[in-house]
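All remarks here apply to the structure that follows.
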Amino acid sequence: MMKKTDGLVTVVWFLGVLYAGAALLLLLPKQAYSEQERRYLAEVPEASGERILDGTYMTELETWLTDHFPMRDALVGVHGMYSYVLGRRDLGGMYFCDDGYRMTKLTAAEVSQAQVTTNALALRKLGECMTELGRSYHVMIVPSSSLQLAEKLPYGAELYDQDAVLNHLKEMLGERAIDLRDVLTEDAHYYKTDHHWTTEGAYEAYLAYCEVVGRTPTRKDCYTELAVTEHFRGTLYAKAPIALCEYDTVTVYKKDETLTVVADGKALPGLYDETALAGEDAYRYFLGGNYGTLTIQSELDATAEGAQRCLLVIKDSYANCFLPFLTGDYAEIHVLDMRYYNGFIKEYAGKNRITDVLVLYGADGYVVDENVPKLALGLTAQIDENE
Amino acid sequence: MVFSSITFLFLFLPAVLLLYLLCPARLRNGLLLVVSLFFYAWGERWYVGILLFSTVFDYMNGIAIGHFREKGREGAAKAVLAVSVVGNLAILCLFKYSDFFITNINRVGLNLPTLGLALPIGISFYTFQTMSYTIDVYRGAVGVQRNIVAFGTYVTMFPQLIAGPIVRYQSVEAEMLHRRVTVEEFACGVQRFVLGLGKKVLLANAAGAVWELAQGDTKRTVVLAWFGAVMYAFQIYFDFSGYSDMAIGLGRMFGFHFPENFNYPYLSKSITEFWRRWHMTLGTWFREYLYIPLGGNRCGKAKQLRNFLVVWALTGLWHGAEWNFLLWGLYFFLLLALEKFCYGRILERAPEGLRRLYALVLVLIGWVLFANESLSGLRDYFGSMFVGTATDAQTIYILYTNAVLLLVLILGSTGLPKRVATALMGRLERHVLVTTLVRNACLMGILLLCVACLLRESYNPFLYFRF
C-alpha cells in the first residue's frame, strides 16, 4: 500500500493526463495535413446508423483520434526513438543505415514480379514504336541508394533484388537502357533523409545521358552552385521522425537562361518553387511538385545543337532535379507524369513534334508503378504477355 | 472496445470516472451496468443482446434455485441448475463450436452449411461467470442476488468482461453492495493499470510483431522458427497478463478486488506448477466446478486420470474451437499425468535450473501447438524447428534488432524488476519526496510511451479475444 501523499500524486497526474488529453483532443482546432509525416490526416468519421452498426464508425473514430491527438508530432518522435533504442533498424518502410543514411525498405514480397515484367514490356513496346517513327528513345531507371550504397545497410536487411530488375530491363531494351549503376557511386549522389538522388547525382546522370545521345553536356563551371537549404529532411525522415536525424543540404545548379514554363495550363515563374523552402519538403523546390503535363521552352541560339530538338520526358518525381540540366540542350521539353496524364504517348509525341524521348524513373518507384503500362496504350500493337 | 486504445483511454475512461465520482453511491452499480453495456456494444453491437440474455437468464435461475432450496425442494433446485448449465453451455456451443462441429461432420460425408456466426467477444468468460453464480447458489456458498442491477453489474462490469480474470460471484458478493474507494486504493489501481498497459503495448505488441514475421515466412530458418516461438510465448504472456493487470487495476479504481490471474508462470519448475501460475482463475473454475464434482482425486487413480482427461480436454477446447486447441489440452493432460503418476518425485529432486529448463521447453512446444490453428500449418512450423537451413542473414538481422527486446522480455517475466524496485524504494524510504517522484515519474513515462506507441502502431492485436 502506498502512503497518502504518494497516492494523491498518482491520482493527480493520472487524471490530469486523461482529462488534459481528452480536453485537448476534443477542443483544439484540427489540422488537415501533417507536415512531419507528409500525409493528409483522417477526417471526422461519418456517424450514420449503418456505419455504427457494422463497426466502421468505431474503427474510423479511433483512427481520427490517433491522427489528431495533441502533440502527435512529438509523441511519434518519442515512439521512433524508443524503437531505435530497443534495437529496431527499420521503421515505417525505411532502414536506419550507417553514416546517418536512411534507405527505402522495399522487400521482395512487396514487389510484384508481374508488375515489373509488364512495365518492362510496356517500355519496350513504346521504344519500338518511337524508334520506328524516327525518334531517339532512352530509358533511365535510376538505382536507389539501397543498391548503390548497399554497404551502409544494416547486416541482413531484406530488400528486393534491384540488380535483377535492372539487368532484365537492360536485356529487354538493349542500348536504349542507360545503366547508372557505374555512375552513381558516391555518398554525395544520394540524400540521407530522402529517397531521391541529389542534384550532384542528377548531374552525373546528365553527363551519362549526353554521352549516350552524343551531345556535348553543359560543363559544371557554367553553373552557379547554390545551397538553397541546409536543413532538408525528406521523405525517409517523415517515415520515422526522430529528433536524432541528420539534415541534408539541397544544392541547385543555376545558370542564366530565359525559360517559359507552363504546368497543366498554368504559367510557372520558373523551374524552381521558392515557397517550398519555407515548408518541410524542400525537394518540392524542384518544379514545385508533379504535374500531368509540363512544357519548358528555352530561348536557344538558332545555331545551338538543340535548337531544332524537342524532348519528351516521361517521369516520376526523380526527374524534377534532372530537368534543369536539359534546358540548354533542347528548345522545347515536354514532361509527362503518367500518374496524372491519361493520354496516348504516340498521339502526344505526334502533336508536339517530339524528336527525342526519355523515360526517367527511380527504381523503387518504377517496380511498383502501376501507371507505366499506360505507356503502351495507343500504339499499333497490344502488349502480349507471352513475349 | 479495447483498453489499449485512445478511444478507451481518453474518451470512455475519463467520462466514466467523472460520472462515477459525481454519482450518488446507491446509483453506482446502475451506472457501471449502463456504461459496461455501452462498452460491450461498442465492440459487439447486436451481440450485447446475448450478454443481456445470459444475465437475465441466470438472474432468474438464481432466484428460482434459492426459492426451491428454501422450500427444501432439492430436486427442483437441481433441475433449475441443470437448466442454467445446459442453457449457458448451449449458448456457448452455438456461437463458438457450432461451425467446428459442422465442418467436422461434413468431413464424413454430410454437406451441412456452416452458420458463419461471429464469436461474441468474452462469451467464454461471462458464461463461466454466470454459471459459477448459479452453481454456488445451489451449493449454498453465496446468497441469492435479488437486485437485478447488482447482478447485472457483476456479470457485465467492463474491467473484466472481455478477458477476465474469471471472477466468481463469491469473490465480489460483499463488494457489489458495499465498497469504498480511497485515494490510496485508486492510486494502487492506477499503478496496476499502467503497468498492465505497458506490458500489452510496449512488450506484447513488439514480441508479436516478430512472431508474425516468423510465422508468415514459409522458408523460415531453424533459428527463426525457435526465436519466433519464443516471441510468441512472450507475446501471449504479456498480452494476457497485461490485460488481467489492467482489469484488476480498473476494478480497484471502482473499489473491487479481483483475484490474481498470473504469478510469474515462466518461473515454474514443473508443468504442474505452471498451471498453478498461468490463468489461475480458469484453473480454479475448472477445479471447483468440474474436477471436484467429478470426484477429483477421491475415487481412485483410474477415476482421477479420467477426471484429468476431461478437465484438460475441455480446457484446451475452451481456448478455441479447433483441433489444435484440443491437442494442446491433451498435451498438458499427458504431461500432468506423467508428472503426477510417473516421474514427479524424481523431478522434485533434480537441480532447479534443469527443472526450469524442462518446464520452459515443454511450455514452449505447447505454445507452438497453440499458435498454429491449421494442422498443416502446425506440421509446417514444427518441421521448420528441426529441419531446414540453420540460419541466414535475415534471421541474424531479426535476432540482433530484437536482442534488447528479448532481454527486457526475459527480465519482465521474472520477479526481478519488482524486487529491485521494492528494494530501491525501501532504501530511499525516508526520502519520501524522492520515492514519490521516482515512482510517479516512471509510471507517467510508461503511460506516455504507451500513448506514443498507440499513435503509431497499427498492429495492436489481442490474442485472448477469441474467447
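Each reported figure results from applying straightforward, stated rules to the coordinates on display, with no laboratory input. Please read these numbers as outputs of a predicted model, since none were measured by experiment. Here the Cβ is made from the backbone with ideal geometry for all residues, glycine too, and neighbour counts use every protein chain on show.
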- Out of residues 5 or more away from A:L358 or on other chains, whose amide H comes under 5 Å of its own, with H placed 1.01 Å from N in the peptide plane? A:H138, A:L312, A:V313, A:I314
- Computed about the Cα centre, the charge dipole of the range A:192-247 from +1 Lys/Arg and -1 Asp/Glu charges at the Cβ has a magnitude in debye, to the nearest 20, of 140 debye
- When chain A is treated as a GNM, springs tying every alpha-carbon pair under 10 Å, which of A:T185, A:T117, A:T224 comes out with the largest mean-square fluctuation? A:T224
- Note on the structure: For the range B:88-104, Karplus-derived ³J(HN,Hα) couplings (6.51, -1.76, 1.60; θ = phi - 60°; whole Hz; x for glycine and proline) come out as 4, 5, 5, 4, 4, 4, 4, 7, 10, 10, 4, 5, 5, 4, 4, 4, 6
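From the helices alone, meaning DSSP H stretches of at least four residues, give me the mean residue ellipticity at 222 nm for the protein assembly as shown, per-run term -39500 (n - 2.57), in deg cm²/dmol to the nearest 500.
-16500 deg cm²/dmol
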- Query: Restricting the count to DSSP beta bridges whose residues both fall in the protein assembly as shown, what percent are antiparallel, rounded to a multiple of 5?
  - Reply: 60 percent
- Got a sec to turn the phi values of the range A:231-240 into Karplus ³J(HN,Hα) couplings, 6.51 cos²θ - 1.76 cosθ + 1.60 with θ = phi - 60°, whole Hz, x for Gly and Pro? 10, 8, 10, x, 4, 6, 5, 4, 5, 8
- Task: Would you kindly state the longest site-free stretch of chain B, with sites defined as trypsin sites (Lys or Arg not before Pro) in a DSSP loop (not H, G, I, E, B) surrounded by at most 11 other Cβ atoms within 10 Å?
- Result: B:350-429
- Item | Candidates A:D264, A:D364, A:D179: whichever shows maximal mean-square fluctuation once chain A is modelled as a Gaussian network with Cα springs under 10 Å | A:D264
- Under a 10 Å cutoff between Cα atoms, tell me which one of A:T56, A:T260, A:T104 has the largest fluctuation in the Gaussian network model of chain A. A:T56
- Message: Just want the answer: with Cβ charges of +1 for Lys and Arg and -1 for Asp and Glu, which residue in A:A282, A:L28, A:T355 is farthest toward the dipole's positive end in the protein assembly as shown?
- Response: A:L28
- Using Cα positions and a limit of under 27 Å, work out the lysines in reach of A:K374, with same-chain residues fewer than 8 apart set aside. A:K105, A:K125, A:K170, A:K266, A:K315, A:K346, A:K351
- Report, in degrees rounded to the nearest 10, the 0 to 90 angle that the Cα long axis of helix A:162-173 makes with the longest principal axis of chain A. 30 degrees
- With only Lys, Arg, Asp and Glu charged, each at its Cβ (+1 for the first two, -1 for the last two), find how big the charge dipole of the range B:315-467 is about the Cα centre; round to the nearest 20 debye. 660 debye
- Could you tell me the distance between the Cα centroids of the range B:115-192 and the range B:217-233, to the nearest Å? 38 Å
- Message: Please give the charge dipole size of the protein assembly as shown, origin at the Cα centre, charges +1 on K and R Cβ atoms and -1 on D and E Cβ atoms. Round to the nearest 20 debye.
- Response: 5720 debye
- Long-range amide H partners of A:Y190, meaning residues 5 or more apart or on another chain whose placed amide H is closer than 5 Å, are A:T198
